[in-house]
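Below: one structure, written as C-alpha cells.
Computed from the coordinates by the stated procedures, all read-outs in this text should not be read as laboratory data. Please read all numbers here as calculations on a predicted model, not as lab measurements. Ideal geometry is used to build each Cβ from the backbone, glycine not excepted, and the neighbour counts take in all protein chains shown.
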Amino acid sequence: MTAALKNLIGLDRGEFRAELEAIGEQPFRAKQLWHWIYYRGETDFAKMTTLAKEARQRFAGLYTIARPTVSREQVSSDRSRKWLLRFADGNEAESVFIPEEDRGALCMSSQVGCTLSCAFCHTGTQRLVRNLTAGEIVAQMMVARDAVGEWPSPKDGRLLSNIVMMGMGEPLYNFDNVKKAIHIIMDQEGISISRRKITLSTSGVVPMMARCGEEIGVNLAVSLHAATDELRDKLVPINRKYPIADLLKACRAYPGANNARRITFEYVMLKGVNDSPADAKELLRLIKGIPAKFNLIPFNPWPGAPFECSDRAAIKKFSEILNAGGLSAPVRVPRGRDIMAACGQLKSASERQRRSKVPA
Ligand code: SAH
Ligand code: SF4
C-alpha cells in the first residue's frame, strides 16, 4: 500500500523549507514550489513547468495540494457566495465571499462549531467539534480564489481583497492555527494580503488579545453587544469570565490601535433588548478614550431564534447618538441572508441534523 500523501497547504515558510530539505531539496526549490502553490494557485505538480520534470514527479509521489471538497455552494440574490467545505475527516465548515463594487471580503471560519453559546448566534447552537487546522483555514482562501478565478495573485484591483475572521468559531480559542494561517496568507511571495486588510473578530477572549496584536497584527473587532455586564452576561456568556471592564482594558492596550487604525465594536441590534438611546449613551461613556468605531449589525434571524431585529428607526437613532458622541457607527447592510450566509447564521449542514446543543 502506498503511504498517504502529505498536504503541503498549512505549513509555514520555515516548516515548508524544512519539509523539502528533509527530502534533499535546496531552499531555492522550496521558494519555487511556494510560488507555484500560493502565488499561482497551481494544483497539479505536473504543470509546474519551472521545476525539473524529475522533481515534479517526486513531489507528486509524496505530496498533495488538494483543497477540501466543496459539499455545497450557494449564491445569494446579492451575489454573496457561501461554500460548505468538507475536510478529510468528514467535518464541515462554511466560508462566505461578500463582493462589493470594486473589492470583496472573504468571511472565514476558525472552528467547526463553537464552544461559546452567544444567545443570538446560530453557530453557537452547534457544539464545538474541533479546531480547524492552519491548512484548513488557508484552504478556505484558496477555494474562494479558485471559484473567483483570481490566480495568479493580482497586484491591484482584487475581487478578494479583504479577509474577516468572522465565520464559525472563536478565532482566539484556536490562536496558534489562526496565527499560522494568517501569516501564510499575508506572505508577500504568495497570496499576499496585507494585515491592514484582515480583521479578526473576538467575542472577548481577553488573555489572548495582546498576543493577537503583537503576533498577528491584524485589525481587531470586538463583539460587544451590550453596555452592562448584567445584559452581556446573558447575551455573550464569556462575559461572566471576562467582564466589560477587563475587555475594555485589553482594548485600550491593544498593540497597534490608534486613530488611524481603530478597534471595531460590533453591536447586534436586538429589538427591545439592547437598542435604547440609554444603551447608546452608556456605550459612549464606556469606550471614551479608546480609538474605536462601531459596526451596528441588524440581527440576522435563524429558525427558533429568541430575538427580533430592532426597528429601522431605533437603529437610526442609536447610530445618530454614537455619531454625535464622535464615533462612526455605520449600519451593516445584511448580506446573503437568503442563503443563511449573514453574520451569525453559519452552521455546518450535517451538524445541523446531528449535534445541536438545543433542538433545531
Ligand atoms: N466568534 C467571533 C467571530 C464570529 S461571529 C465573535 O463572536 O466575535 C461575527 C459577528 O457576528 C460577531 O460580532 C457576532 O456576535 C455576530 N453575530 C452572531 N450572530 C449574529 C446574528 N444572528 N445576527 C447578527 N450578528 C450576529
Ligand atoms: Fe461563537 Fe462568535 Fe457565535 Fe458567540 S457569536 S457563539 S463566539 S461564533
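Kindly provide the pair-distance distribution of the stretch 232-360 built from C-alpha pairs, with 5 Å bins from 0 and whole-percent values in order of increasing distance.
Bin by bin from 0 Å, the calculated values are 2, 9, 16, 20, 20, 16, 10, 6, 2, 0.
For a distance above 17 Å, tell me the whole-number percent of Cα pairs in the stretch 6-64 that qualify.
I get 26 percent for the Cα pairs in the stretch 6-64 exceeding 17 Å.
If neighbour count is taken as other Cβ atoms inside 10 Å, put 92, 15 in order from fewest to most.
Details: 92 22, 15 13.
So the residues, fewest neighbours to most, are 15, 92.
What ranking do 253-265, 184-196 get when scored by the average of other Cβ atoms within 10 Å per residue, highest first?
Ranked from most to least packed, the peptides come out as 184-196, 253-265.
Find the eigenvalues of the gyration tensor of the Cα atoms of the chain, then list the square roots of 5 times those eigenvalues as equivalent ellipsoid semi-axes, largest first, in whole angstrom. Write down the numbers at each step before the final one.
Values: eigenvalues 290, 92, 68 Å².
That gives 38, 21, 18 Å for the three semi-axes.
Could you pull out every residue, at least 5 positions away or on a different chain, whose amide H is within less than 5 Å of the one on residue 126? Hs are placed 1.01 Å off N in the peptide plane, and Pro or chain starts have none.
Amide H neighbours of residue 126: 114, 357.
Within a 10 angstrom radius of the beta carbon, how do 76, 203, 71 rank from fewest other beta carbons to most?
Working: 76 19, 203 24, 71 14.
Fewest to most other Cβ atoms nearby, the residues stand as 71, 76, 203.
Within the chain, what percent of beta bridges assigned by DSSP are antiparallel, to the nearest 5?
Percent antiparallel among DSSP bridges in the chain is about 50.
Of 197/293; 271/316; 241/271; 316/347; 293/347; 293/316, which pairs sit farther than 22 Å apart, going by alpha carbon to alpha carbon?
The answer is 241/271; 316/347; 293/347.
List the cysteines of the chain that have no other Cys Cβ closer than 4.7 Å: which are they?
So, 107, 114, 212, 251, 309, 343.
Using the Cα atoms of the stretch 66-169 to build a convex hull, what is its mean projected area in square nanometres?
Working: hull surface 28.1 nm².
In nm², the orientation-averaged hull projection of the stretch 66-169 is 7.0.
Around residue 265, which amide H atoms from residues at least 5 apart in sequence, or from another chain, sit under 5 Å from its own amide H, with H modelled in the peptide plane?
222, 293, 294, 295
Give me a comma-separated list of calculated 3J(HN,Hα) values for the stretch 107-115, in order, Karplus coefficients 6.51, -1.76, 1.60 applied at θ = phi - 60°, integers in Hz, x for any Gly or Pro.
Couplings: 9, 10, 9, 10, 9, 8, x, 7, 6 Hz.
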